[in-house]
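What follows draws every value from the coordinates through simple rules; no lab data is involved. This structure is a prediction, so every number in the text was calculated from the model and none was measured. So basically every Cβ, Gly included, is an ideal-geometry build from the backbone, and we count neighbours across all protein chains shown.
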């Protein structure tokens, strides 16, 4: 869109910040934040004192939004011109496409399978035809979760494929234990009946959870789609179904990070640091809580796993906030 011409001076009238936001998809507070922190834009003032932005500002804001959505830190690219930003975006697009194509070329997928019916389904000629260029190598096959937990752990498979009739809290706890033992980075769970809160918790953790019936075509697509997801992020980093990572940051680091918030535009560092501290406390509490029965032990193990995994997620979020703000967490330790 070309800005209108001023009738008196013949110079471009420019865009107000609301128009820049609408055209670029960047919220007004974010545009103001970029301008204040990084001098990303240098709008001119109209005679009436309005801040007016150029077409180039609109283009740069659009490119910056796309690049930050792909993981680039705004502090590193805020002052690049449109040509530099566009080149960076094209390079990332080519790199992503190349990586996806390389991943898609995998010929053999190793999987541990829980559920004999599911294992038979995966080994059928029909499924092999649908799965096309990929082949599933079943490394372990178990009748149910109890049998899988009783077995000796082997080499970590690429997938843990599970079929469960009833999905509830205690089954979820057993599933978490199995994932912790198998170290499978990708988990696909098919179920017939389940508690909604359990299903949602598993999905948020990065597991692929689908209610039956699921056709062979859908199952093949689920496995292919999971192959294109970075394995550590799928379950290992972002999920409840993995070994709980040890704490990365001590109380002193979190306290210093919370104090730094007064020097920056938003309060995110303080809030994230406080959430981590609360999760650490609950993680310890759930581990030390009194168990009166086997059911109590299952529930507390589940709560400990959830809180520890959530803490690890927020530690990763803290690192993203620190990178965005140009802060060095190592120096705060």
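By the count of neighbouring beta-carbon atoms within 10 Å, fewest first, 53, 249, 285 end up ordered 285, 249, 53.
With both labels modelled 7 Å from their Cα along Cα-to-Cβ, the residue 86 to residue 72 distance reads 1.3 nm.
Modelled this way, with points 7 Å down the Cα-to-C-beta line, the labels at residue 127 and residue 108 are 1.8 nm from one another.
Under the 0.36 nm per residue contour assumption, what length would be gained going from the current alpha-carbon distance of residue 22 and residue 211 to full extension? Length gained between residue 22 and residue 211: 64.1 nm. Just check the range 106-237 against the gyration tensor rule for me: Cα atoms, a ≥ b ≥ c as the square roots of the eigenvalues, rounded for a/c under 1.5, and otherwise prolate or oblate depending on whether a/b exceeds b/c. In terms of gyration-tensor shape, rounded.
Taking the fewest neighbouring Cβ atoms within 10 Å as the starting point, the ordered list for 193, 314 is 193, 314. As a calculated quantity, the FRET efficiency between residue 319 and residue 281 at R0 = 22 Å, using C-beta atoms, amounts to about 0.60.
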